[in-house]
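To start, the structure itself, in structure tokens.
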Number of protein chains: 2
Amino acid sequence: MTRAALSEFELIARYLSRPTGGERIDVAVGNGDDCAVLTPTPGHQIAISVDTSVSDVHFPHDAPPAAIGHRALAVALSDLAAMGARARWCCMALTLPAVDEDWVEAFAEGFQTLALRSGCAWIGGDVTRGQLAVSVTVHGELPAGSALKRSGAKPGDVIAVTGYPGRAAAGLERWQQGERDETHPLLAAYLRPEPRLAAGEALRGLAHAAIDISDGLVADLRHLMTASGVAARLEIESLPLATPLRATLETETVRRLALGGGDDYELLLTLNESDLPEAQRRLAALHLPLTAVGRVVEGDGIHGLSPTDLAHDGWDHFPEVAS
Amino acid sequence: MTRAALSEFELIARYLSRPTGGERIDVAVGNGDDCAVLTPTPGHQIAISVDTSVSDVHFPHDAPPAAIGHRALAVALSDLAAMGARARWCCMALTLPAVDEDWVEAFAEGFQTLALRSGCAWIGGDVTRGQLAVSVTVHGELPAGSALKRSGAKPGDVIAVTGYPGRAAAGLERWQQGERDETHPLLAAYLRPEPRLAAGEALRGLAHAAIDISDGLVADLRHLMTASGVAARLEIESLPLATPLRATLETETVRRLALGGGDDYELLLTLNESDLPEAQRRLAALHLPLTAVGRVVEGDGIHGLSPTDLAHDGWDHFPEVAS
């Protein structure tokens, strides 16, 4: 540390009590009181999710601090996207082993930049001493009754996925192999995932059920199917495979990353086959592909996977960390 | 561990996805989806606060798990009380070094019991692996415009405090000295503080400014005065001193605990002198004393403290932990 150590309160005041991004009439009391006080939009419901990111469990301890800040918020916002909610307010609880002002400054910058870009007012925070971890609570709003639940999938629905899952898992592998160029598209996919907020809102009224892919396409599809009491038939040949992956890896490996790799935070959803073109049109306006990868059927479980594919059901974060 | 180890998801499902305490029409989607979805009360604002409790920073690692669960929620609910908000919804992010089912069961029980008793639906959670820590986000509601802010204190106001601050600090000392009888009133004050939610609601419309005492009466009074741009004149002789403290300690020591001890989560507020009897009447109905301890004056700082008192401005949690 090149600067004098700051007390906890000075740290909070300096970096974690940022303005909420201009005058927001919905924020009656912002940072600096016992609570933030917010004015909700009449006729809307509030969606809330909390996600904790722990050093060397959810991100490498030596990841760039701005990426850690971005990522901690992105994984929480992704839950709002999966619900079809518009991002509104966020709080962050940061646990730090020691006060490193440069680190906190960069971390806060990464968090704040994504918050501003997502329309999410940063309304409160808390700093404590301990193992590096970030716990983020996000709040979104949606017109009453319009939430995209996990439980709405119906037999006959098409199963579709946004973007190209598998890139982030490949990016994490590259990081672990020593790659440090943050502009590398795979590394960027891992370090700075883009929550699909606009896509989630665009899919309201079309998708019957949705989930964000944090654990891997197959693992999260299983959550979706279980919540809906139905089964899935995956069409492996239809999986969208990212160009930077196909350029360097065998198809079989790319497919395994797409099925089992988490951390991309793409959306997985089901909808009427007749609504697929409209959904694709809406997402194309956001420069986001939407690919049909299977079909909802009666029963339970996931069909269409080989035993090899099934072995990659769910991504094991940092398996080298002893549990 | 006497039972088979559970996976993270099994743990969440078994202990941290409790029912929200009966049919709550305001909880449209509870645990188990990407987000909880809530229906706010028309005409109300939402108060939000987040608090992280870290092992051996905010509580002893060997404290009873039910007390850790209670305490983690209580300190967050206390912020709602200080705002005059009614508790509505809470989320908890738990970080655990290892899966110990008995520990999690007792922890969840302590958390859930206080949540139910406070009318606070437990709507979501997250479990991750790491150093023991609990991050709680609480949401309350209050009629629009009625929040008790820190910034409303006016010269001439009486400064008043609920209950008997100092008991929790004495309880922590007892714990550190080896006392383990949880029914001891001082230990109970530390391990299971009671958030003053009903008092906070009762003080709406009377208190000009309020804060909860987490860092100590003097330290939090300083926050209140700074936010309001005024000064305080404390009347040390008027401090309410708890009977179990006076019975065993010298008056000087009790006073120091009352001024500097945190962790009681009493409310500190200012109001018109003419409103003090009505405020005392309302709190007496809750079996809670309200004692005038000073006066708001023009200027800045806190007057009426001796140099010895000032040395105890702010409680140092676990000073033996190296920072």
Original post:
Tally time: how many residues in the stretch B:37-80 are farther than 24 Å from residue A:133 by Cα and in contact with a Cys (Cβ under 7 Å, 6 or more places away or on another chain)?
Top reply: 2
**OP:** Would you point out the residue of the stretch A:1-22, among those that are modelled with pLDDT under 75 and under 27 Å from the mean Cα position of the chain (by Cα), that is most open to solvent (accessible area, probe 1.4 Å)?
**Re:** A:19
Original post:
Restricting the search to the stretch A:139-152, which residues are more than 8 Å from chain B (Cβ to nearest Cβ) and among the hydrophobic types (A, V, I, L, M, F, W, C)?
Top reply: A:148
Original post:
Name the strands (runs of 3 or more DSSP E) wholly within the stretch B:38-137 that hold at least 3 residues that are more than 7 Å from chain A (Cβ to nearest Cβ) and surrounded by 24 or more Cβ atoms within 10 Å (Cβ to Cβ)?
Top reply: B:86-96
Subject >> Residue list for the stretch A:145-180, restricted to those being among the basic types (Lys, Arg), farther than 25 Å from residue A:273 by Cβ and surrounded by fewer than 23 Cβ atoms within 10 Å (Cβ to Cβ) >> reply: A:174, A:180
**OP:** May I ask you to verify whether residue B:139 is assigned by TED's automatic domain parsing to the domain that holds residue B:68 and under 20 Å from the mean Cα position of the chain (by Cα)?
**Re:** yes
Subject >> Scan of the stretch B:291-306 for residues that are buried (at least 17 other Cβ atoms within 10 Å of the Cβ), touching a Lys or Arg at 6+ places or on another chain (Cβ under 9 Å) and among the small types (Gly, Ala, Ser), ordered by number >> reply: B:294
Original post:
Does residue B:174 qualify as being of a type in the set (Lys, Arg) and either touching a residue at least 40 places away in the same chain (Cβ under 8 Å) or out of contact with any helix residue (DSSP H, G or I) (no Cβ under 7 Å at 6 or more places or on another chain) (or both)?
Top reply: no
Subject >> residue A:141 touching a Lys or Arg at 6+ places or on another chain (Cβ under 7 Å) and of a type in the set (D, E, K, R) >> reply: yes
**OP:** Using the structure shown, decide if residue A:66 is assigned by TED's automatic domain parsing to the domain that holds residue A:124, more than 26 Å from residue B:76 (Cβ to Cβ) and of a type outside the set (Lys, Arg).
**Re:** yes
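The values are calculated or read from the model by the stated rules, or taken from the named source; none is laboratory data. In this text the structure is predicted, and so the values were computed from the model without any measurement. Neighbour counts run over all protein chains shown; Cβ positions are idealised from the backbone, glycine included. All accessible areas refer to the heavy atoms of the entire protein, side chains included, with ligands and DNA or RNA removed. Shrake-Rupley method; radii C 1.70, N 1.55, O 1.52, S 1.80 Å.
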